[in-house]
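Everything on this sheet refers to the single structure shown next.
Every number here is computed from the coordinates shown, using simple stated rules; none is lab data. Just so you know, these numbers come straight off a predicted model, no measurement behind them. Please note: Cβ atoms are built from the backbone with ideal geometry, for glycine as well, and neighbour counts cover all protein chains shown.
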């Protein structure tokens, strides 16, 4: 199991990781019986969001392993995978505005630092791509056997301290996060510590937390 590291990602570390060049395809996830696919941004009406959750083929394989790793009584839910630069731009600025609203006294550099804990800069630069544009990032949560989404102690995309994976939330929320973390990391993913829902495989974020010198995936297109 890859242990979570309870510190924010150094976004500037992208330049230290050799870029990935794999041409592995993106694959749809909605036809797989191992999980519930719920494309959250499309469901919420975000312009440009896809009605499908796309991931790299090897990410798909690892998600099957993660689903099989879950104890009885839990289902995996896929919320988002590959994401266009345009959608990333919208999300980045939405999170930034939420940070400003929640912390009106912060200085610009502090706003940027806090925003980057919960949203990457929109980029398709091979040396510094947004993680989701690589197809190697996936946002997930848990549901019960009836398909009801479980309360994980914070809302998805909530830019607050409660969203950190190891945050001091209620014990039953901590247990659910542990279940999700164990299932995903045992399958080969790394977790972004500031977001209990965000996991990576093959991109530069995964490489950084795994201490790998090179990423597998760079930016790709859904076309």
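Structural remarks
- Distance in nm between pseudo-label sites at residue 12 and residue 160 (7 Å out along the Cβ direction from Cα): 3.1
- Between the stretch 82-143 and the stretch 152-223, the Cα center-to-center distance that results, in Å: 14
- The chain: most fluctuating residue of 156, 118, 189 per GNM, C-alpha cutoff 10 Å: 156
- Eigenvalues of the alpha-carbon gyration tensor of the stretch 59-105, scaled by 5 and square-rooted, set the equivalent ellipsoid semi-axes at 33, 16, 7 angstrom, largest first.
- The packing ranking, built from the mean of other Cβ atoms within 10 Å per residue, places the peptides 26-35, 126-135 in the order 126-135, 26-35, highest first.
- With a cut-off of 14 Å on the backbone N, the residues of the stretch 169-200 near the modelled label site 7 Å out from residue 34 along Cα-Cβ are 183-189.
- Using R0 = 41 Å, the C-beta based FRET efficiency linking residue 121 and residue 172 works out to 0.75.
- Length added when fully stretched, residue 61-residue 43, from 0.36 nm per residue minus Cα-Cα: 4.0 nm
- Bridges between two residues of the stretch 11-210, per DSSP, are antiparallel at a rate of about 80%.
- For the stretch 10-105, the fraction of alpha-carbon pairs in successive 10 Å shells from zero, as %: 13, 32, 34, 18, 2
- At the listed q of 0.10, 0.11 Å⁻¹, the Debye profile of the stretch 11-210, built from one uniform point per Cα, gives log10 I(q)/I(0) equal to -0.39, -0.48.
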